[in-house]
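The values are calculated or read from the model by the stated rules, or taken from the named source; none is laboratory data. Since the model is a prediction, treat every value here as computed from it, not as a measurement. With ideal geometry, Cβ positions are generated from the backbone for all residues, glycine too; neighbour counts draw on all protein chains shown. All accessible areas refer to the heavy atoms of the entire protein, side chains included, with ligands and DNA or RNA removed. Shrake-Rupley method; radii C 1.70, N 1.55, O 1.52, S 1.80 Å.
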Amino acid sequence: MLQRRDFIKALSACGAAGLIPATLPRPALGSVRSYQLTAGKSAFNITGPEQADTDMWLYNDTCPGPLLRLRRGDIVRAAVTNQLDVPTTVHWHGIRNINDMDGVADLTQAPIAPGESFTYEFPVNHSGTFWYHAHTMSWEQVARGLYGPLIVDADDDPVTDHDICLMIDDWRLDKAGQIHQSSLGSLHDWSHAGRLGNWLTVNAQSDPAFPVKRRARIRLRLINAANARVLTLRFDGVEAQLVALDGAPCRTEYVTKITLAPAQRADIICDLVAEKAVIRETSTGTDYPAGQLVATPELGGATAPKDVINTTRVPPLPDLSQARHILLHMQGGAMGNLTEARYDGAVLPLRELAQKHKKLWAFNGQVGDYSNIFAEIKRGTVISLDVVNDTAWPHAMHLHGHHFWVMADDPTAILPSGQRDTWLMQPQERASLVFLADNPGLWLFHCHMLEHAAAGMGAVLLID
Ligand SMILES: [Cu+2]
């Protein structure tokens, strides 16, 4: 038995914030996987062992929320109980879900009232890295900690020595290390870049160290859980092959860094080529330590073969000759060109929209709201959402219920080789998001800078 004192010694020998089991447990084969998730108020330490706990809203009192790990073909049965004072729902981000189970309050379900429960039940038919998060006032509920990872394994996953999920967030904390309250809902954030934080965590820790076998092959699953921060992660000490984006396979390529917009994921197969690998977050021009993979001889030797990964599961682009094009002109925000927009049946000047209704963004002159169907689509149609970001801000555009291919007019644009569920669009960028509308229901297309979504940057697509 390891004594507590020895354990503390082992921790400090590690030299960083904590020691985490490097290999996630894999479930045995099965079909229905039952989970209990309770959304509630909780205190949790995200600022380090010398600091006080932070008051948060969490699933099952843990940050991130519990890992839900399944096999492709399983059925999730998640009973969600709301112990908050406000309504909530859970969205299963990236899952090509049954519409009723998509978790968008007031669109696909009634919100779960305080004290009430709702059971989500749906199959997972695609393997990869996904996540779940609150989808009721998500700009506040996600900022307070209501999210967790969801991983779907498959028999044809590459063999690795370790499988590590890194859920990255930038919290906005006050001087006492508490969630910065007075800026929640700030009109400035909603009209600019969204709520950017000042405290970076990976799995709720600062620069966690993961012990791994020497020369190990590690699958890293990176999830950006921030409200609005676009992360750039650089990897030193590993040879890294990117194998999936947003839970969908992509053509394998060697990478040394990766950019992840809010809600995006990347799966990377890393071969350790030094005593330790260092991951840094570099988006602001300053390097922040984000995590380390530390070769630990006691764990024994690595056994996973160091093959070049051949991705064979990238689905081909659908036939575009019959595609229906839907133009989506994004306007609004600070330093933008939106002067007026339709909201709640009336055309209102931007000043009134902002001051009276806290609405700042529009698609095709319409402020997003769930009572307004942006497009009705016949099931089975190939859709090209031709999106123009005519604003001064980047936006992370997320489509519910489907993955899409990304195409652009710009021949120099670097486009993903596989499908995505969230695409970062730079100011003045145009992109066509192409998908087969094969999943019936009311699906949201919105910015995942959560403050932008709250301020009108969303549209409902009806597929039937
Ligand atoms: Cu946005």
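Here are a few things to note about the model shown:
- Candidate lysines for bridging to Lys175, where Cα separation is under 24 Å - those fewer than 8 sequence places away on the same chain excluded: Lys41
- Cα-based shape type of the stretch 385-464, given that a ≥ b ≥ c are square roots of the gyration tensor eigenvalues and the cut on a/c is 1.5: oblate
- Taking Lys and Arg as +1 and Asp and Glu as -1, the other residues whose beta-carbon sits under 10 Å from that of Met167 total +1.
- Among residues other than Asp421 with Cβ under 12 Å from its Cβ, the summed charge is +2 (Lys and Arg +1, Asp and Glu -1).
- 3J(HN,Hα) from dihedral phi, the stretch 394-407, Karplus parametrisation 6.51/-1.76/1.60, rounded to Hz, x for glycine, proline: x, 9, 9, 7, 10, 9, 7, x, 8, 9, 10, 8, 10, 10
- Placing +1 on each Lys and Arg Cβ and -1 on each Asp and Glu Cβ, with no other charges, gives the chain a dipole about its Cα centre of roughly 660 debye.
- Cα lying deepest toward the dipole's positive end in the chain, options Ile383, Asn203, His395, charges on Cβ: Asn203
- Whole-number accessible area per residue in Å² for the chain, which is evaluated in the context of all protein chains at 1.4 Å: 41 Å²
- Stretched out straight at 0.36 nm per residue, the stretch from Asn337 to Asp174 would grow longer than its current Cα-Cα span by 55.3 nm.
- Rounded to whole Hz, the Karplus (6.51, -1.76, 1.60) HN-Hα couplings of the stretch 409-426, x for glycine and proline: 5, 6, x, 8, 5, 8, 10, x, 7, x, 8, 9, 10, 9, 10, 7, 10, 6
- Förster radius 30 Å - calculated FRET efficiency between Asp438 and Ser417 (Cβ-Cβ, nearest 0.05): 0.90
- Neighbours of Asn372, meaning other residues whose beta-carbon lies under 13 angstrom from its beta-carbon, give a summed charge of -2 when Lys and Arg score +1 and Asp and Glu score -1.
- The stretch 245-292 shape via C-alpha gyration tensor axes, a/c threshold 1.5: oblate
- Cross-link partners of Lys257 among lysines, defined as those whose alpha carbon lies under 21 angstrom from its own and excluding same-chain residues fewer than eight positions apart: Lys276, Lys306.
- Test item: Cα-centred dipole of the stretch 375-464, Lys/Arg +1 and Asp/Glu -1 on Cβ, debye: 180 debye
- Solvent accessible area, Å² - Glu116, 1.4 Å probe, full protein context: 100 Å²
- Whether the stretch 335-428 is rounded, prolate or oblate, judged on the alpha carbon gyration tensor where a/c under 1.5 counts as rounded: oblate
- Portion, in percent, of the accessible area of the chain that falls on carbon or sulfur, probe 1.4 Å: 52 percent
- Label zone at Tyr254 (point 7 Å along Cα-to-Cβ), backbone N below 17 Å, the stretch 270-292: 270-274
- Dividing the summed helix terms, -39500 (n - 2.57) for each DSSP H run of n ≥ 4, by the number of residues in the chain produces a 222 nm estimate of -1500 deg cm²/dmol to the nearest 500.
- Listed residues Ile218, Ile373 arranged by accessible area, highest first, probe 1.4 Å: Ile373, Ile218
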